Amino acid sequence: GAASLACVCLTSPRASAQVTAYDVATNSTYSGSFSGLNGGFGFGSWSTSTPGGGSYVGGDGGITYFGLWNNSVLPGNYSQATRAFDSSLAVGQAFTTSYKNQNLNGSQEWEGFRLLDSVGGVLFSYWQEGGNNADGNYLDAGGAGTATGFAYNFNNLNSYQFTLTSSTTYTFTELFNSASLSGTLSGTIGQVQYFRESQAGDPNNGGGGGTDFRFYDMSIATVPEPASTAIAGLGGLGVLLAIRRRSL
C-alpha cells in the first residue's frame, strides 16, 4: 500500500526522514470534485475554487491523480485547490510534490503551485507557462525570477522539493533533473495551493484534450544531515513514479 511504499522510499543508511504529513491521490475516493476530501495525514481538507473549470480525481496508466481544469475565456479566471498544513513548515523541513504538466497553449496559460501563509498570502510560487519549454518561473520575497533548467517536460512526471533552510531562506529543487535555486521568504508557510490559470482569457484554454493539470502526491518531512541521501526519497510515490516516467 501507499504507507508501506513511503516507508521504503524514506529509508536511508546514512540518514532518516521524519514524515509529518503525507497524502497521495490513491487515498481519495472518486466523487467528482475532491473538495472537502481529507486523505493521508498532516494536512487539512481540500478546498477548491474553480470558476469556469473544475476539479476531479482521475487515473493515468493505473496511477490515480488529482486534476484541475479550466476553460474560461474571462481574464483572470483560474482553477485552484488548497490544503492547510496541520503545522507550519519548520526550518529543516521539506515539502515535496509530484505532478505532470499537460498542454499549455500559450504564454497566458500557467500551472503550478504556491506556498501560502495561514491567511492565504503567497510566500512562494512556482509555475510553467506556455511557450517556455526550457525553464520555469518563480516568485518569492525577492520578486519574480526565472527557474533556469526547470524544463516543461510535457506529459512527463516532475518531482519538486522546497526545503526551508532558515526562517527566511529556502532551496527549491526539481528532483529528476537536479535543477535547483535558492531564495528568500517573508512569512510562515502554512498552506499549499495548486493552480491552472488563463491569465488573459486565452480562448485556446480548455478542459479535456490534455489541458488539465495533474498532481499526484505531497509530503512534509524533517530531514537530518546529511540531507542529500534521504531527501531524494520524499514525495511518497517518488521512486515508483520516477520509474513509471520512463515508460510514459
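For the reader, a short list of remarks on this structure follows.
- Residue check, Ala84 open to solvent by 10 Å² or more (accessible area, probe 1.4 Å), outside any loop (DSSP other than H, G, I, E, B) and of a type in the set (A, V, I, L, M): yes
- Listing of strands (runs of 3 or more DSSP E) fully contained in segment 90-181 that carry 3 or more residues being of a type in the set (Ser, Thr, Tyr) and crowded, with 21+ Cβ neighbours inside 10 Å: 93-100, 157-164
- The lone criterion from (1) within 22 Å of Ala221 (Cβ to Cβ); (2) touching a Gly at 6+ places or on another chain (Cβ under 7 Å); (3) not hydroxyl-bearing (Ser, Thr, Tyr) left unmet by Gly106 is number (1).
- Against the test of being in contact with a Pro (Cβ under 6 Å, 6 or more places away or on another chain) and either crowded, with 17+ Cβ neighbours inside 10 Å or closer than 28 Å to Asp135 by Cα (or both), the options Asn71, Asn77 yield a single qualifying residue, Asn77.
- Filter result for Gly59 (under 24 Å from Asn103 (Cβ atoms), at pLDDT below 90 and not in a loop (DSSP other than H, G, I, E, B)): yes
- When we screen Ile231, Ile189 for residues that are under 21 Å from Tyr126 (Cα atoms) and modelled with pLDDT under 50, the only hit is Ile231.
- The set of residues in segment 1-51 being at pLDDT below 65, crowded, with 17+ Cβ neighbours inside 10 Å and within 19 Å of Thr64 (Cα to Cα) consists of Ala2, Ala6, Cys9.
The values are calculated or read from the model by the stated rules, or taken from the named source; none is laboratory data. Because the structure is a prediction, the values reported are computed rather than measured. Note that each Cβ is placed from the backbone with ideal geometry, even for glycine, and that neighbours are counted across all protein chains shown. Protein only, heavy atoms only, side chains kept; ligands, DNA and RNA dropped before computing areas. Shrake-Rupley method; radii C 1.70, N 1.55, O 1.52, S 1.80 Å.
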